[in-house]
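Worksheet: the structure to be examined is printed underneath.
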Amino acid sequence: MISKYITNNHVLEEITEYMPGMWINMTSPSHDESKEISEKYNIDISDLRAPLDDEESSRVDINDGYVLIIFDIPTVEIRHNQEAYTTIPLGVIWTDEAIITVCSKETPVIKYFMSAQLKDFTTKKQVRFTYQILYRTSTLYQSYLRIIDRKRLEMEERMGKATEDSDIINLHELESNLVYFDTSLRANRMVVDRLTRYSGIKKFPEDQELLDDVVVENLQAIEMTQIYRDILKGTRELMSTVIDNRLNNIMKYLASITIVMAIPTIISGIYGMNVSSKWVPLADTPYGFLIICGIILLVCLIVAFFLKKRKML
């Protein structure tokens, strides 16, 4: 799908024709649509479709007549019947007449600019528009990281009760999300560094200030990812310790029950031996069976009390 926009007096308008200073947004474009834009702006079609590959690496390519910038943006997907986070490439192409964005799906990063929430947004300033996209990407990473941390806190609160298999799976999903984020943010950092050093960009003071903000926000997102990964690692170790401790308590409880239940078995086994009744205590005593049962119960209670004092029961 191809959408065309242009700003007039800081108002974003959707248009149908090609004109200078426009923004062309391509969301999962077909091969014919890619060919149309490729021929219109003399762009290599392989470069135009490169961001559609989920495994495409972040980079800045400078070609004759256009500049290709690819970086990773966060997005939401469904894994194990619930929301999870991953990253996908977003391509930004500068040409003399238009700025082109290419992505395999609709994302909150692009929707943010379509909603006209940004005051200083204009499609005619390609460099500033790109910096704004990078800035929005970094802040979105941070927002998703805070959501991941809240999910971790919810799992920690449930550890005091019963830990289910779904909690272990969810913890693994959160760790996977942070791995994706960390890898993508570090790759984006190289893109930002390349843009900072690229001498072909006209650097206006307000653009340079925005680029500095992009650098700061990207570094902050990287630090947050590292911190949350370390905390999540501690949460996994805590969960493992809690599960092991519960298992130890169960085994200790079962061992104590086995000890108590072994007492009637031993005594009844002795009295069940095939020997003369005159050698068996209380064999000829009235109510001997009840007395033996009372002794067994008394011994069991004494052992149970001892185990209780040792916190084994």
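The values are calculated or read from the model by the stated rules, or taken from the named source; none is laboratory data. Quantities reported herein were computed from a predicted structural model and do not represent experimental measurements. Neighbour counts run over all protein chains shown; Cβ positions are idealised from the backbone, glycine included. To get the accessible areas, we keep the full protein, side chains included, count just its heavy atoms, and leave off ligands, DNA and RNA. Shrake-Rupley method; radii C 1.70, N 1.55, O 1.52, S 1.80 Å.
Ordered from largest to smallest accessible area (heavy atoms of protein chains, 1.4 Å probe), the residues Lys119, Lys125 come out as Lys119, Lys125. Taking amide hydrogens as placed 1.01 Å from N in the peptide plane, the amide H of Thr123 sits under 5 Å from those of Thr7, each at least 5 positions away in sequence or on another chain.
Simple spin-label estimate for Glu106 and Ser166 gives 2.8 nm between the two label positions (7 Å along the Cα-to-Cβ direction from each Cα). Karplus-derived 3J(HN,Hα) values for the range 17-31, using 6.51 cos²θ - 1.76 cosθ + 1.60 with θ = phi - 60°, are 9, 8, 8, x, x, 8, 10, 10, 9, 10, 10, 6, x, 6, 5 Hz; glycine and proline are entered as x.
Candidates Tyr287, Ile266, Leu297 compared by Cα position along the dipole of the range 184-313: farthest toward the positive end lies Tyr287, with charges placed on Cβ. Can you give me the % of accessible surface on the chain that is carbon or sulfur? Probe 1.4 Å, all protein chains present, nothing else counted. Its accessible area is 56 percent carbon and sulfur atoms. By the rule of a C-alpha distance below 27 Å, with chain neighbours fewer than 8 residues away ignored, the lysines paired with Lys4 are Lys35, Lys40, Lys105, Lys111, Lys119, Lys124, Lys125, Lys202, Lys203. In the chain, the calculated helix contribution to ellipticity at 222 nm averages -20500 deg cm²/dmol per residue, counting -39,500 (n - 2.57) for every DSSP H run with n ≥ 4. Probing with 1.4 Å while keeping every protein chain in the model, the per residue accessible area of the chain equals 57 Å².
The order of Lys311, Lys252 by accessible area, most exposed first and with a 1.4 Å probe, is Lys311, Lys252.
Taken over the C-alpha atoms, the range 71-168 has Rg and Dmax values of 17.8, 62 angstrom.
Across the range 168-181, coupling constants 3J(HN,Hα) worked out from phi with the 6.51/-1.76/1.60 Karplus curve, θ = phi - 60°, read 5, 5, 4, 5, 5, 5, 5, 5, 5, 4, 5, 5, 4, 5 Hz, and Gly and Pro carry x. If the viscosity is 1.002 mPa s and the temperature 20 °C, what translational diffusion coefficient in µm²/s does Stokes-Einstein give for the chain when Rh comes from Kirkwood over Cα pairs? This corresponds to a translational diffusion coefficient of 87 µm²/s. For the range 262-271, backbone phi angles converted through the Karplus equation (6.51, -1.76, 1.60; θ = phi - 60°) give residue-by-residue couplings of 6, 5, x, 5, 5, 5, 5, x, 5, 6 Hz, Gly and Pro being listed as x. Between amide H atoms placed 1.01 Å from N, distances below 5 Å from Ile88 occur with Ile73, Thr75, all of them 5 or more places distant or on a separate chain. Taking all protein chains together, Glu209, Glu13 sort by accessible area into Glu209, Glu13, largest first [probe 1.4 Å].
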